[in-house]
Amino acid sequence: MAATTHTATSKPASSPMTDAPQAFRAMAETGTAQTKEAYEKISAATADATDLIRKSCSTAVEGAQVYNSKLLEFAQTNLKVAFEFAQKLLVVKSPSEFMKLSTEHAGKQIEIVTEQTKELAALGQKVTLATAEPLQTGITKTFSHAA
């Protein structure tokens with residue numbers, strides 16, 4: 001009788017002892033890669049947001065300077081008008097002349113203050129929009145890229 005020998009090539013049996021560290025290592029590598037990617041996105045978004053806020057603050061400061069300059073201009077105008085009124089009062093000769101002069105001055109001041117108020121409101125709105133709109137747009141853009 002002829003003896004037949006079977007040579008079987010067998011795979012080494014994988015044991016739970018060797019599979020667990022490999023699976024853990026794979027999970028750790030995946031987790032590390034995901035964390036690194038998330039960190040890079042957040043870091044870029046934070047840098048963009050910081051730059052945007054810096055620019056927005058700069059715009060707000062410039063706007064405040066323009067607003068303050070306009071306030072000083074108006075104060076100077078109002079002081080000039082008040083001084084002219086005081087000079088006219090010095091030469092008043094009758095109560096009726098005083099009343100006429102006072103009424104004219106009050107009307108003139110109402111017109112001036114009304115116009116100044118409109119100008120300041122428009123300037124304030126312009127400064128606010130110039131500061132807030134790019135900030136809102138930029139932050140929305142920055143964080144939509146990070147998501």
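Just so you know, all these numbers are worked out from the coordinates, no wet-lab data involved. These figures come from a predicted structure and were not determined experimentally. Neighbour counts run over all protein chains shown; Cβ positions are idealised from the backbone, glycine included.
When Rg and the Kirkwood Rh are both derived from Cα coordinates, the Rg/Rh ratio for region 53-103 amounts to 1.42.
Extents of region 36-146, largest first, come to 87, 16, 10 Å (Cα atoms, principal axes, whole angstrom). For region 94-147, the set of GluC sites (Glu not before Pro) satisfying both a DSSP loop assignment and a count of at most 15 other C-beta atoms within 10 Å is empty.
For LEU90, the shell of other residues with beta-carbons less than 13 Å away shows a net charge of 0, using +1 for Lys and Arg and -1 for Asp and Glu. Other residues lying with their Cβ under 11 Å from the Cβ of VAL66 contribute a combined charge of 0, Lys and Arg counting +1, Asp and Glu -1. In summary, the aspartates and glutamates within cross-link reach of LYS141, defined as a Cα separation below 17 angstrom excluding same-chain residues under 8 places away, comprise GLU40, ASP48, ASP51, GLU133.
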